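Have a look at the structure below, then the notes.
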Amino acid sequence: LTGTSREQRAFQYLLAHAIPGDPHHILQTFDQWFVGAERHMPCHATSGRIVERVLLERAPLQVLELGTYCGYGTVLLAQGLPPGARLYTIEGDPRHAAVAEKVIRLAGFSEQTV
């Protein structure tokens, strides 16, 4: 109704409620928004805990993410990587990629990590 995409609404919510530079708080704020405002977003805290555990166990130095979407998974992956690791992420939709890039930067990650 507003003409603003769901992804852009998520980013606006993050700007208003999340602590910039704090990936953990970015993810918590995303989770609050998904539950409260947009129940149909494809991101879940439960699956995030599984990803965090795998990253901790494997400590990969390179990760490839196919389908960045709004950047939730990217922030989750990037925060769990060991120092010096690199995350490559690909998003085919330029509108989603633009939002994801802003989310990734808001979380405090630079081009050296993501």
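For this structure, a couple of remarks:
- Shown here: the chain, whose C-alpha atoms stretch 43, 27, 23 Å along the first, second and third principal axes, sorted largest to smallest.
- Residues of the range 67-98 with an amide N closer than 20 Å to a point placed 7 Å from the Cα of residue 58 along the Cα-to-Cβ direction: 67-69, 71-91.
- Membrane-span-like helices in the chain (whole DSSP H runs, Cα extent of at least 30 Å along the helix axis, mean Kyte-Doolittle hydropathy of at least 0.5): none found.
- Residue 24-residue 105 pseudo-label distance in nm [points 7 Å out on the Cα-to-Cβ vector]: 2.6 nm
- Accessible area per residue for the chain is 60 Å², calculated with a 1.4 Å probe on protein heavy atoms, without ligands, DNA or RNA.
- Cα-projected label distance for residue 17 with residue 50, points at 7 Å along beta-carbon direction, nm: 2.5 nm
The values are calculated or read from the model by the stated rules, or taken from the named source; none is laboratory data. In this text the structure is predicted, and so the values were computed from the model without any measurement. Reconstructed Cβ throughout: ideal geometry from the backbone, glycine too, with neighbour counts over all protein chains shown. Side chains included, ligands, DNA and RNA excluded: accessible areas come from the protein's heavy atoms. Shrake-Rupley method; radii C 1.70, N 1.55, O 1.52, S 1.80 Å.
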